[in-house]
Each structure stands twice: as C-alpha cells, then as structure tokens.
Amino acid sequence: MTTSFGRFFLPGPTEVHPEVLAALARPMIAHRGRAMTELLGGMEAPLQSLFRTQGRPVIGTCSATAFMEMAIRSGVRSRVLSLVAGAFGKRFAAIAQACGRDVVTLEVAPGQTVEPDMLRDALERSDVDAVTLVHSETSTGALAPLEQLAEVVHEFDDVMLLVDAVTSMAGLPVETDEWKLDFVLTGSQKALALPPGLALAAHSERMLERAKTVPERGGYLDLVAYADAAENHQPTNTPAISLLYALDTQLERITAEGGIEARWNRHKAMLDTVGKWVDDRGESLGLSYLPEKDRRSWTVSCLRLGGGQNGREIQHTLADQDWMIASGYGQLKKTTIRIGHMGDHSVAELQELLKVLEETIA
Ligand SMILES: *Cc1c(COP(=O)(O)O)cnc(C)c1O
C-alpha cells in the first residue's frame, strides 16, 4: 500500500490526488436531466483549452483503447498507414486489422521515432486514406515529432491523421487545431491523473464528414453519435457519472495551477530533473536513456539498465519500500525501467524517488 501522495510513479494508472478522489463520492444525478447537461456544458470550455481546439471534445465511458477503435471505425475508409514505434503503435495497427481494414505498417526500433522524411516516403509509396500514430510511446518513452509529421500528412489529399495522445495530452504540447490533427484521443488515467475509465477525444470537421461516409462504423463507438450528443451536452448512454465529477474537479485544478501551459511546464521540469540525474549519475549507475535527447517524452522516462540489473527486480525492491515505478514493457521488461512523471507529481517528489532509486541500484 502506498502510504502518502507522491510515491506512485507508474506510467498509468497515475496517482490520483485526494481532492479528485473526494469528488467521486458525490451523489448521482439523472443522466438525462438538467444537472447532467450543466455538468457536461460546464466542462466544454476547459476541455477545449486542454485539447487546444475550438471543436467540441467527446467523452466516453471506456478505456482509451476503445477510442483507438473509434478512430479506426469512423476515420478509416479502407487502408491505413500505421506508424509503429512500440507496443501502442502496434496495438493501433492490430485494431485496424481486426476492424477489417488494410494495414500498411512503418516500423522503427524501440526508442526511435518515425521521422518526417520516412513518413513522406511511405505515403508516396502506398495509397492510404488515414495514418495512425502514437505521440508519446509509453512503452519506450519516445516522443514523435507530431507537428512535423502532421505537416507531412497534410501534403497528401484527404488522408486523416489519427493520433493516440494518451500520455502526451495534459503533459506536453498537443495543438489539435493549429497542427490540424483530425482525431486526438486520450484516457483518464495518464497525464490527466484521474481514475481509469474515461476516454476523451477531439476531432476535426473533416473527420466528422469522413465518418458520415464510412459504413458500418458500429453503434457504441460511432463518432457521429458522440458528436451529436456532445452538441447538446448530452451523454450517448449512461456515463460513469462519478468519473465525470472527478474530471470536472481536475479541470478546475488545472485552471487553478495556471492553465494547461503551466501544467506542461511542470512536466518539462520533471523530464529535465530525470535528464540531469542521468547526466550526473547515469554512468556510475549504468543507466542511460533509451530515446535520443530531443525525442524524449515529457511524461515518461524509459532508462536502459547496466549489465546485471533487472527491471523487474528493481521495481519489486522499490515496491517493498512503498515506491512505485514500472519495469520495461514487453521485450524491454528486464532491460529497462520506466518512471511515469506525469499527472499531479512535483519535481520535489520526483527527486525523492530518484534518491531511493539511486540507493536501490547502487
Ligand atoms: C495506456 C495507453 C493506451 C491504452 O489505454 P487504456 O486506457 O488502457 O485502454 C494507449 N496508448 C498509449 C500510448 C497508452 O499509454
């Protein structure tokens, strides 16, 4: 059991602040009543600030993966190019395949990112109507150059850009409108630091127009139905009302912190804290960053371990002292560790963690 706030550095689910947890205890309201319309309506402007969009974000009672499926079902006509830089990129491609779409993948080694020239080359060679990509690849800690990749996608006609921003949204800049992202999705339990169970997304006008032309979008995850409901500040079905209270409270807390940019800056400071620690102490501890310096996510650091170290064992030793980090993901399980410095954590808490981690590894 974690004894106090500030010791749980998993890259999802992240630690939930007591004020947010308290919001879950509020009594129920009618899901078609005026209180619900007010709750959803009141969250519209802060969600637009979060997503940096003039559009109306949609909220679903489901984990983020469901909205990956929404992106495919509503955004891909027949053939999609999936950029794969780790486990979540692979998942996006697998969902597209499961939904019966033709999938072309462009894959890079763990820790690397697809670069604009590679993307342009792939788009010139294959005729696709959409691109999926993961902005912050949580399994490797690598951050894709989203703004530049989006520019490349827009050199091609009528190609939808579908973005998994699950560990970037609320932790680092994601400019939905300015970068012309067609569909941007996230989940509640990452940099938003809410309990798991909500997915959120913003979409472009042309994404909605595309969706209307795609047959068999399914029922429960149909973007058109979500957009219709959002226009009237209604839920599609009975939502997880308690989680909506928590979201409302967290959006207020983000405003109180100074807005989304202040939140981004705090995450950048946390990345820089880990970066400096690895610069200073990495060599003697046998630690190094998996991604290159300008391709590191602000929300999760994936560190390679020296010989003889085991990510699983380090995670367990820390857990025995009430500190939580993650081991590597998939094939990187033993050879890396991951620190999720996202959500409501501070630099001071992270420094405490690094002290304990250093003692454990030394
Ligand atoms: C966690 C995560 C997901 C999946 O989220 P769920 O809420 O578990 O469905 C997808 N993409 C990325 C990048 C993630 O970090």
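Just so you know, all these numbers are worked out from the coordinates, no wet-lab data involved. Here the structure is a predicted model, which means the values were calculated and not measured. Every residue, glycine among them, receives a Cβ derived from its backbone with ideal geometry; neighbour counts consider all protein chains shown.
Going by how many other beta carbons lie within 10 Å of each one, how would you line up CYS99, CYS302, fewest first?
Least to most surrounded, the residues fall as CYS99, CYS302.
Send over the Kirkwood Rh of the stretch 106-233, from the inverse of the averaged 1/r over different Cα pairs, rounded to one decimal Å.
15.7
What does the chain give for Rg and for Dmax, in Å, if only its C-alpha atoms count?
Cα radius of gyration and Dmax of the chain are 20.1, 61 Å respectively.
If I model a spin label as a point 7 Å beyond the Cα along the Cα-Cβ vector, how far apart are those points for ASN232 and ASP280 in nm?
For ASN232 paired with ASP280, the spin-label model returns 5.8 nm.
Place +1 on the Cβ of every Lys and Arg and -1 on the Cβ of every Asp and Glu in the stretch 146-248, take the dipole about the Cα centre, and give the residue among LEU192, PRO173, LEU243 whose Cα lies farthest towards its positive end.
Comparing the listed Cα positions along the dipole, LEU243 ranks first.
Ranked by Cβ crowding within 10 angstrom, fewest neighbours first, how are HIS341, HIS135 ordered?
HIS135, HIS341
By average Cβ neighbour count within 10 Å, what is the ranking of 113-124, 23-34 from highest down?
Those peptides, ordered most packed to least, come out 113-124, 23-34.
Nearest-5 percent of antiparallel DSSP beta bridges in the chain?
Of those bridges, close to 55 percent are antiparallel.
Cα-Cα pairs above 20 Å in the stretch 260-361: how many percent?
Summing the P(r) of the stretch 260-361 above 20 Å gives 33 percent of all pairs.
Given a cut-off of under 8 Å on Cα pairs at least six residues apart, what relative contact order in percent is computed for the chain?
24
Quick check: the distance between the Cα centres of the stretch 235-269 and the stretch 46-115, to the nearest angstrom?
Their Cα centres are 22 Å away from one another.
How large is ³J(HN,Hα) for each residue in the stretch 178-188, as worked out from phi by the Karplus curve 6.51 cos²θ - 1.76 cosθ + 1.60 (θ = phi - 60°), to whole Hz, x for Gly and Pro?
Values, residue by residue: 4, 8, 6, 7, 7, 8, 10, 10, 8, x, 6 Hz.
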